[in-house]
Amino acid sequence: MKHLYSILIASILIAAAYLYQYGLPTFESASLQVQGEQVPSSQPANGQAATEPSSPAPGAQLPAKDDGRPRPEPRIVSVTVAEVDFKPYEVTYSAIGTAEALQSVSVVSEVSGQIEKIHFDGTQSVSKGDVLIELESVTEQLNVEIAKANFTKAEESLKRYQLLRERNSGVVTDVTMTEQEATTSVARSNLALAEANLTERTILAPISGKLGLSDLQQGDYLADETAIVTINNTETILVTFSLPEKAIDILSIGKEIETSTPAKPGMVFKGKVTAFDSQIDESTRTVTVRAAIDNKDRLLWPGMTFSVSLFEESDPMAVIPSMALAWTREGTQVWLAEGDTVRPVPVTFRHRRDDTIWIEGDLQQGTQVVVDGVHKLRPGFQIAVVDGDSSSISSSAHSSQKSNQEAAQ
């Protein structure tokens, strides 16, 4: 019996300690169930409804309790923004080309003979018609003298016969007159032939330009069809290069190009397209193009290697930083900053160069798009615009946050 009393006293002490620590438990009679049966709520004896509110029906939302604490602040995301600009996108086609002279002539001897005199020393400029080489011409000069004498004799005989015919002497018959006229004509032709042979002994420059090197020396024997020297007209340099077939739409006569060459570092030379092929090369899928570059200052030489660039500008398009573009399941979009809120705007990606992209969409010049923080945004989120280093928040974001706090209190 004494042991039972000890257990009872210990239980009372434990219960008292629990009540002191946690207080009396409360029960929602309408929501308690025992073995699947609902326990009926107690009612006063007078039959009136209890003052305690009944529990809500299953699935109903409990009313919010006003405990005096401020409601949670709407989510504010710190972002950086950039203004939308409109610029054309410049497509650049690059190629490697080789330079050649506007005219390049290899001077070849038409006759053979010993070189009597050379009038050039190489790498100098000449004009059309300048004497380059004189060949030994003693025989040709003698032939000219003989032909000239024969022609003079024949011509004098013809004049005498004509004078006799005019006097009606009857000495000169028609046959004699005809034969003398033929003799005079042959003598004239022989003289012209002799003079032509003599002229061929002097080799002239066929075009104006710059001479190349020559190994010929005075006294050398020059056989016919022997190359003497090359003359290049370099007042204009032609550059030949190839472009991919996708560039054919921008090709036109007079299209401007820009070129540079390792031989003249830091210098840019401009030219114009003068011709291009009428078909695509099936093996390389390229088209051959030729352009002319003015070279009156003689800075450029035939054979130089050139880097060639052609440019084509598109219509102006919206330009934004590449980080402002967001990729979704539906496509690409940007977040348009409107005050302290944002909204997504679908766009179409067109071009990219470094950290800049060109897009098409419902955007206006000067509107602001979110650059840093796009992955944290949802429609309706409020934003706080910060500087590039995310250290200073704009005054509009501060005022918006302050008004939200005052409304909550």
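Restricting the calculation to Cα atoms, the range 337-389 yields a radius of gyration followed by a Dmax of 12.2, 32 Å. A Förster radius of 60 Å combined with the Cβ-Cβ distance from residue 192 to residue 362 puts the calculated FRET efficiency at roughly 0.10. Close amide H pairs (under 5 Å, H built 1.01 Å from N) link residue 272 with 257, 292, residues at least 5 positions away or on another chain. One way to sum up the overall shape of the range 213-302 is the equivalent ellipsoid from its Cα gyration tensor, whose semi-axes run 35, 19, 11 Å, largest first.
Taking Lys and Arg as +1 and Asp and Glu as -1, the other residues whose beta-carbon sits under 10 Å from that of residue 236 total -1. For the residue pairs 128/272; 210/296; 117/148; 270/296; 272/296, the alpha carbons lie more than 21 Å apart in 128/272; 117/148.
Treating r as the C-beta distance of residue 311 and residue 246 and R0 as 22 Å, the FRET efficiency rounds to 0.90. If the chain linking residue 10 and residue 215 were pulled fully straight, counting 0.36 nm for each residue of separation and taking away their Cα-Cα distance, it would gain 60.7 nm. Using only the Cα atoms of the range 137-200, build the gyration tensor, take square roots of its eigenvalues as a ≥ b ≥ c, and label the shape rounded, prolate or oblate: rounded if a/c is under 1.5, else prolate if a/b is larger than b/c, else oblate. Prolate.
A Cβ-based charge dipole, computed about the Cα centre of the range 69-225 with Lys and Arg at +1 and Asp and Glu at -1, lands at about 940 debye.
Starting from the Cα of residue 258, step 7 Å toward the Cβ, then list every residue of the range 285-318 with an amide N under 11 Å from that point. From the range 285-318, the list is 309-312. As a calculated quantity, the FRET efficiency between residue 204 and residue 114 at R0 = 22 Å, using C-beta atoms, amounts to about 0.75. Across q = 0.18, 0.31 Å⁻¹, the range 96-139 modelled as identical point scatterers on its alpha-carbon atoms has Debye log10 I(q)/I(0) values of -0.72, -1.32, in the order of the q list.
Taking amide H as placed 1.01 Å from N in the peptide plane, the amide H of residue 351 sits under 5 Å from that of 358, each at least 5 places away or on another chain.
Quick note: the coordinates plus some simple rules give every number you see, no bench work behind them. What you see is a predicted model, and the numbers here were worked out from it, not measured in a lab. All Cβ positions, even for glycine, are placed from backbone atoms using ideal geometry, and neighbour counts span all protein chains on display.
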